[in-house]
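Accompanying notes for the structure given below.
Throughout, read-outs are computed from the coordinates displayed, never taken from laboratory work. Just so you know, these numbers come straight off a predicted model, no measurement behind them.
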Amino acid sequence: MRKLTGIFHIVLNIHRITIGEEITLAMGLSLGSDPDVNMSLLPYSQTVVQTRATALQTLLGSRVTDPHPALTKQEQQALNDLSFALISDANEIARQANEVAKGDRVKFETIVNRIGLHPKKSQAKHIRIFEVRPAGKGSVHIILPDEKQFGNPTYIIQHGITTQEGLLPNTWNEKLPLGNAEAFIEGMQSGSILAIRYAVWVIPSHKKTGSTGKTLIAPTSKTAVDTGATPQKMVTLLPTNKQGKIAITYGVNYYHFSDAIYVIVP
């Protein structure tokens, strides 16, 4: 006999929304009172959730709308605190809503929508931020922001082992150029501290404009053109000359690394 279970879950998809969207979600929740949910049983009150959202927004300032900001250690901790509070409260709300709904999906959705946990369709394009995932003992999986909207990117990763967070390695490994935004680093000692930094070269779509020598940079993505997208500091649009060729000035550093990101090796 097939077993059917009328228990519903709240899927926040926090990993798929931007930080700005997460703050908006937190500020829009109604956690003060509800006829079907005992808000006093929530792990985090509405005041705590909104205070954490406000603190994160204050730390980021105008960068809160950046789809993939490079977060400082303090900003990352504030984001973690807010995400943990939202997930914890959502789990308790789902438990109580299921007790009331008793397998009635419409009733369940009515409760969670009233509180402000509205279903959200996945974005057509998943905008990624820098992410490091464990990939087995002594290994990590690095995922960089996807910068294809600006042209043809080459991702440069550099890493090294250090003795503490905030301290740069005495020796960086060779720069590793990649054609995509993901890589694995293996063979490290478990528990060591890995420092990672990255830069991105973008070879733009370009063309000659004749006698003026002016080069038109034309991002391949229509969205980037329409929205006026601006590269982050670690994204370098390589310059071109009037012949439409890449032109590097001698003695000038033509790309910029991100701040170092520190990871405990699993």
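Computed values, structure above
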quantity: Mean Cα-pair separation over length for region 30-109, i.e. relative contact order, pairs under 8 Å, 6 or more apart, %; calculated: 38
quantity: Sorted largest first, extent of region 14-115 alpha carbons per principal axis (Å); calculated: 44, 24, 17
quantity: Proximal aspartates and glutamates relative to Lys175, as straight alpha-carbon distance under 16 Å, when same-chain residues fewer than 8 apart are discounted; calculated: Glu186, Asp259
quantity: Integer Hz, Karplus 6.51/-1.76/1.60 couplings in order for region 93-104, x for Gly and Pro; calculated: 4, 4, 4, 5, 5, 5, 5, 7, 5, 6, x, 8
